[in-house]
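Since the structure comes first, as structure tokens, the remarks are kept for the end.
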Amino acid sequence: ILGIAGSLRRKSYNRAALRAAQQLVPQDAVLDSFELDGIPVFSEDDERQPPAKVVEFKKRIREADAILFVTPEYNYSIPGVLKNAIDWASRPYGDSAWTDKPAAIMGASVGTLGTARAQYHLRQVFVFLNVHAINQPEVMIANAAQNFDAEGNLTNESTKNLIRQLLTNLVTRTRGLEQEKSAKAVSS
């Protein structure tokens with residue numbers, strides 16, 4: 001699983017939530033992460049010769065069996081840095097690294113809705129990208145300041161259980177999709 005935190009801030013709650021997920025991943029799976037810092041603003045002028053950071057990003061997405069997005073919510077939606085990275089990895093048209101990837105979403109916010117709107121907008125983006133979203137459980141960590149300690153460790157046990165279940169569902173769905181692909185390849 002490739003984990004992507006949609007925040008560049010080193011001490012962000014979403015980066016902390018991604019670190020927590022790395023500790024909560026099922027024993028038979030691995031969760032690595034990719035840092036979005038250094039990805040320039042997308043321009044179609046550069047999509048056929050992308051910068052090295054984008055080439056590496058697309059390579060890591062393609063190598064991953066599944067994706068975990070950990071998104072903050074900015075102005076009721078997806079943060080620009082995350083949307084920019086998604087756009088780079090989907091271009092040029094016909095060369096999207098996202099196609100057919102299973103993905104899960106979670107996020108943390110200091111507000112009471114816990115990134116609900118950003119997560120729903122990200123699901124809309126998944127439709128065009130042909131990403132297979134895990135629907136349940138929804139992991140929306142509200143009032144994040146009360147759920148993480150001063151060192152950025154997730155302290156809320158029920159949230160940890162939701163993350164465990166989300167990751168288990170992601171692993172199960174990923175394996176199911178792989179079996180479907182194998183069965184189609186054998187029958188054709």
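The values are calculated or read from the model by the stated rules, or taken from the named source; none is laboratory data. Every value quoted in this text rests on a predicted model; they were computed, and no experiment measured them. Note: ideal-geometry Cβ built from the backbone for every residue, glycine included; neighbour counts use all protein chains shown. Ligands, DNA and RNA are excluded from the accessible area calculation, which covers all protein heavy atoms including side chains. Shrake-Rupley method; radii C 1.70, N 1.55, O 1.52, S 1.80 Å.
Some notes on this structure:
- Just one of the numbered conditions (1) within 15 Å of the chain's Cα centre (by Cα); (2) farther than 20 Å from Phe126 by Cα is not true of Pro26: (1).
- In the condition set (1) in a loop (DSSP other than H, G, I, E, B); (2) within 22 Å of Leu2 (Cα to Cα); (3) of a type in the set (Ser, Thr, Tyr), Tyr120 is compliant with all but (1).
- Count of residues meeting criterion [farther than 16 Å from Pro102 by Cα and either touching a Cys at 6+ places or on another chain (Cβ under 6 Å) or exposed (fewer than 11 other Cβ atoms within 10 Å of the Cβ) (or both)] in the stretch 157-181: 2
- Residue count, the stretch 79-107 (criterion: out of contact with any Gly (no Cβ under 7 Å at 6 or more places or on another chain) and either part of a helix (DSSP H, G or I) or buried (at least 19 other Cβ atoms within 10 Å of the Cβ) (or both)): 19
- Test: residue in the stretch 45-61 that is more than 30 Å from Leu154 (Cα to Cα) and touching a helix residue (DSSP H, G or I) at 6+ places or on another chain (Cβ under 7 Å): yes
- Identity of the residue in the stretch 110-156, hydrophobic (A, V, I, L, M, F, W, C) and open to solvent by 50 Å² or more (accessible area, probe 1.4 Å), that ends up farthest from Ala17 (Cα to Cα): Phe128
For every residue, the table says whether it meets (1) closer than 15 Å to Phe69 by Cα; (2) open to solvent by 70 Å² or more (accessible area, probe 1.4 Å); (3) at pLDDT below 95.
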| position | (1), (2), (3) |
| --- | --- |
| Leu2 | yes, no, no |
| Gly6 | yes, no, no |
| Ala21 | yes, no, no |
| Asp32 | yes, yes, no |
| Ile39 | no, no, no |
| Gln49 | no, yes, no |
| Ala52 | no, yes, no |
| Lys59 | no, yes, no |
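- On inspection, Asp87 fails the criterion of being among the acidic types (Asp, Glu), farther than 26 Å from Arg164 by Cβ, out of contact with any strand residue (DSSP E or B) (no Cβ under 8 Å at 6 or more places or on another chain) and without any contact (Cβ under 8 Å) to a residue 12 or more places away in the chain.
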